[in-house]
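The values are calculated or read from the model by the stated rules, or taken from the named source; none is laboratory data. This structure is a prediction, so every number in the text was calculated from the model and none was measured. As a convention, Cβ positions derive from the backbone with ideal geometry for all residues, glycine included, and neighbour counts pool all protein chains shown. Side chains included, ligands, DNA and RNA excluded: accessible areas come from the protein's heavy atoms. Shrake-Rupley method; radii C 1.70, N 1.55, O 1.52, S 1.80 Å.
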Amino acid sequence: MSFDFDATVVGAGAVGLACGRALARRGLSVLVLESEPHIGQGVSSRNSEVIHGGLYYPTGSLKARFCVEGRRALYAFLDSHKVDHRKCGKLVVATDEAEVGRIEAIFRQATTNGVEGLEHLTGPQARALEPGLNAHAAMLSPESGVFDSHGYMLALEGEIGATGGSVVVSTPFERAEPLSGGGFRIVAGGEGGATLTSRLLVTAPGLSAQAVAARIEGYPVERIPKGHFGKGVYFRLTGKAPFERLIYPPPIAGALGTHYRKDLGGQAVFGPDLMFVESEDYSVDPAKAEVFAGYIRRFWPGLPVGALTPDYAGIRPKLHGLGEDQPDFQLHGREVHGLNGLVALFGIESPGLTSSLAIGEAVSEMLTHD
């Protein structure tokens, strides 16, 4: 039978757009559906805009593979599309002797993951690079950086459009049902709501991943992983940015911890922390400034009193709750849910932005390898 589109992607964040691009580059007609009025309004708009090297993730995990592959592809993409970015490097810092073993473990894991250019640094070597830093020891990852995530998503959208594909905003996914001869009938809502057919379907809606999967007829409910909202807030520094490189303490349980970055505008931003919440609440409590300050002074003792101002908050689509182990990305294909032509993505949190191009290639391979 004929279809309106070869492939439909639900979600126009970085990962959804990267999936659409990868499928379009294989010669498929692509439609990307986005419920918000603009692309990248969800998880992709409320993050650190950090390009991760791939240091922390368990051997053989999708996070380890996609982060390294995606980071390499991302720099090439940003260069070729003239999207603003800065490969500033990252220092992972042990602020006292007790943290040195954790830094060494991260170094070993990063080496196993194939991260390039890593260096062990003594405290004096780290302080020579970043005066004012409190470092008993550190490791340097020169491949880490920061970038304009919205400019990146606009470039992805542009590539989809250049191949004849479409990214349609203000058009929420309502439901889908498998067709007897293959493919899907998809109902999209919004003011211009419509019913369409698509041979392939990808769901990459971030925080709505579980809800979207539940609206696909025949998707086994027991195969939909439980989702959690991991909120993180950020504070901005009033005054001159103290460091050129990203500064990270050792990771906390379930996240990378409150870190420092100098953004592309030259300002210093600290965050995110991690708090599990029940709903999408993007408020930032100014009272948290003192907690942040105490944490930051472990690696930057010179933080002036009263210099932190509330900035913004983001929510990560986590597959673990408080005190639980942090799982891998989940890309559900036919072997998981039993539906031909469908890939559903779950738990695409950090390093999802860095990994997005690699995730897109993996999804397109899953759907077109036959």
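Laid out as a table, the results:
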{"quantity": "Checking A293 against (1) free of Cβ contacts under 8 Å to residues at least 24 places away in the same chain; (2) open to solvent by 30 Å² or more (accessible area, probe 1.4 Å), the condition it does not meet", "calculated": "(2)"}
{"quantity": "Condition check for G239: free of Cβ contacts under 8 Å to residues at least 24 places away in the same chain and out of contact with any Leu (no Cβ under 9 Å at 6 or more places or on another chain)", "calculated": "no"}
{"quantity": "Qualifying residues in region 119-137 (those that are in contact (Cβ under 8 Å) with a residue 60 or more places away in the chain and in contact with a strand residue (DSSP E or B) (Cβ under 9 Å, 6 or more places away or on another chain)) - the one farthest from I296 (Cα to Cα)", "calculated": "L129"}
{"quantity": "Single unsatisfied condition, P301 versus (1) outside any strand (DSSP E or B); (2) within 25 Å of the chain's Cα centre (by Cα)", "calculated": "(2)"}
{"quantity": "Lone qualifier among L154, L133 - being touching a Lys or Arg at 6+ places or on another chain (Cβ under 9 Å) and either among the polar types (S, T, N, Q) or modelled with pLDDT of 95 or more (or both)", "calculated": "L133"}
{"quantity": "Residue count for region 334-348, restricted to those that are open to solvent by 10 Å² or more (accessible area, probe 1.4 Å), in contact with a Ser or Thr (Cβ under 9 Å, 6 or more places away or on another chain) and within 12 Å of L201 (Cβ to Cβ)", "calculated": "1"}
{"quantity": "Residue check, R86 open to solvent by less than 30 Å² (accessible area, probe 1.4 Å) and closer than 15 Å to T354 by Cβ", "calculated": "no"}
{"quantity": "Residue in region 312-333 that is open to solvent by 40 Å² or more (accessible area, probe 1.4 Å) and over 22 Å from the mean Cα position of the chain (by Cα) present", "calculated": "no"}
{"quantity": "Residue under evaluation R72, criteria (1) on the phi < 0 side of the Ramachandran plot; (2) in contact (Cβ under 8 Å) with a residue 12 or more places away in the chain; (3) touching a helix residue (DSSP H, G or I) at 6+ places or on another chain (Cβ under 9 Å); (4) surrounded by 14 or more Cβ atoms within 10 Å (Cβ to Cβ), criterion not met", "calculated": "(2)"}
{"quantity": "Test: residue in region 228-236 that is closer than 22 Å to Q330 by Cα and open to solvent by 30 Å² or more (accessible area, probe 1.4 Å)", "calculated": "yes"}
{"quantity": "Subset of region 144-156 [assigned to a loop (DSSP other than H, G, I, E, B) and open to solvent by less than 40 Å² (accessible area, probe 1.4 Å)]", "calculated": "S144"}
{"quantity": "Top-ranked residue in region 349-365 [being closer than 17 Å to E143 by Cα and either among the basic types (K, R) or assigned to a loop (DSSP other than H, G, I, E, B) (or both); ranked as most open to solvent (accessible area, probe 1.4 Å)]", "calculated": "S350"}
{"quantity": "In region 189-215, the residues that are touching a residue at least 24 places away in the same chain (Cβ under 8 Å), of a type in the set (A, V, I, L, M) and surrounded by fewer than 23 Cβ atoms within 10 Å (Cβ to Cβ)", "calculated": "L196, L207"}
{"quantity": "Evaluation of G40 against (1) open to solvent by 10 Å² or more (accessible area, probe 1.4 Å); (2) on the phi > 0 side of the Ramachandran plot (one fails), failing number", "calculated": "(1)"}
{"quantity": "Any chance G132 is under 20 Å from K87 (Cβ atoms), more than 20 Å from the chain's Cα centre (by Cα) and part of a loop (DSSP other than H, G, I, E, B)", "calculated": "no"}
{"quantity": "Extreme residue, surrounded by the most Cβ atoms within 10 Å (Cβ to Cβ), among residues of region 115-129 that are in a loop (DSSP other than H, G, I, E, B) and in contact with a helix residue (DSSP H, G or I) (Cβ under 7 Å, 6 or more places away or on another chain)", "calculated": "V115"}
